[in-house]
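Colleague: A single structure is presented below for examination.
The values are calculated or read from the model by the stated rules, or taken from the named source; none is laboratory data. Small disclaimer: the values here were computed from a predicted structure and weren't measured. Positions of Cβ are backbone-derived with ideal geometry, glycine not excepted, and every protein chain shown enters the neighbour counts.
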Amino acid sequence: MSDEAPSEYYPDDRTMIRIGAALAIAFAIGVLVWLLFIRDDDDGALTRSSSEPAIEAHIVTSGGLADVAASLGHPVYWAGEHQGEQLELSGTKDGSVYVRYLTGGAEAGDDRPDFLTVGTYPVEDALGVLRKRGKCSPPRCDRPLRHELPGGGLLVAEEANPTSAYLAFPGQNFQIEIFDPRPGQALKLGLSGKILPVR
């Protein structure tokens with residue numbers, strides 16, 4: 001009696017290809033679902049959907065910016081009005097909002113990273129997340145610069161990234177990023193007390 005199993009116990013090549021294709025498709029769907037609905041970014045921001053703009057970049061007045069902030073129902077931070085600069089407002093479906101200060105005749109939607117920008121991002125327990133980010137843990141340590149702010153807020157900047165600084169305040173699920181293409185200016189502006197919610 002042969003020890004060899006009957007041939008019907010072994011799938012043919014076409015069956016193996018179909019099984020492999022089904023597994024590949026299932027894996028791809030799983031990755032897509034994770035990217036679109038589940039993944040948490042390292043900074044605590046929740047990525048629930050595509051970053052396709054929910055608010056198209058457009059020029060606003062300070063009054064128009066206040067109206068949009070009121071309609072969103074959550075704080076939108078900015079650096080106040082600057083003489084000779086136009087305010088550009090944009091936002092994404094995840095609730096992030098950006099206020100840019102355009103100069104030199106730049107138009108809304110200009111893709112150059114040449115302008116002061118204040119971003120407001122939805123981040124659960126933003127202050128706690130920023131406190132963790134501000135800790136230096138060797139050997140992976142980029143020497144964060146931590147500054148306690150009035151009212152219990154915190155500002156964190158990193159020597160490795162001198163064009164950005166991050167703010168968070170107690171009781172808010174929003175983190176604020178200040179970007180300025182001139183190294184060190186974001187930190188200086190964050191410490192100035194001029195980064196405030198639009199009113």
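Colleague: If you scan the range 97-113, which residues turn out to be part of a loop (DSSP other than H, G, I, E, B) and under 17 Å from Ser164 (Cα atoms)?
Modeller: Arg112, Pro113
Colleague: Next question. Would you confirm whether or not the range 121-135 contains a residue that is in contact (Cβ under 8 Å) with a residue 40 or more places away in the chain, over 28 Å from Gly63 (Cβ atoms) and part of a loop (DSSP other than H, G, I, E, B)?
Modeller: Among the residues of the range 121-135, at least one is in contact (Cβ under 8 Å) with a residue 40 or more places away in the chain, over 28 Å from Gly63 (Cβ atoms) and part of a loop (DSSP other than H, G, I, E, B), which makes the answer yes.
Colleague: What number goes with the only condition from (1) in a loop (DSSP other than H, G, I, E, B); (2) among the small types (Gly, Ala, Ser); (3) modelled with pLDDT of 95 or more that Gly171 does not pass?
Modeller: (3)
Colleague: How many of the residues making up the range 81-105 are of a type in the set (Gly, Ala, Ser) and touching a strand residue (DSSP E or B) at 6+ places or on another chain (Cβ under 7 Å)?
Modeller: Of the residues in the range 81-105, 4 are of a type in the set (Gly, Ala, Ser) and touching a strand residue (DSSP E or B) at 6+ places or on another chain (Cβ under 7 Å).
Colleague: Just the residues that are within 16 Å of Pro113 (Cβ to Cβ) and surrounded by 16 or more Cβ atoms within 10 Å (Cβ to Cβ), please, taken from the range 171-199.
Modeller: Glu177, Ile178, Phe179, Asp180, Gln185, Ala186
Colleague: For the subset of the range 103-115 comprising residues that are over 20 Å from Ala54 (Cα atoms) and in contact (Cβ under 8 Å) with a residue 12 or more places away in the chain, which member is surrounded by the most Cβ atoms within 10 Å (Cβ to Cβ)?
Modeller: So the residue we want is Phe115.
Colleague: Regarding the range 83-90, can at least one residue be identified that is without any contact (Cβ under 8 Å) to a residue 12 or more places away in the chain and more than 20 Å from the chain's Cα centre (by Cα)?
Modeller: Within the range 83-90, one or more residues are without any contact (Cβ under 8 Å) to a residue 12 or more places away in the chain and more than 20 Å from the chain's Cα centre (by Cα).
Colleague: Of everything in the range 186-199 that's in contact (Cβ under 8 Å) with a residue 60 or more places away in the chain and outside any strand (DSSP E or B), which residue is nearest to the chain's Cα centre (by Cα)?
Modeller: Ile195
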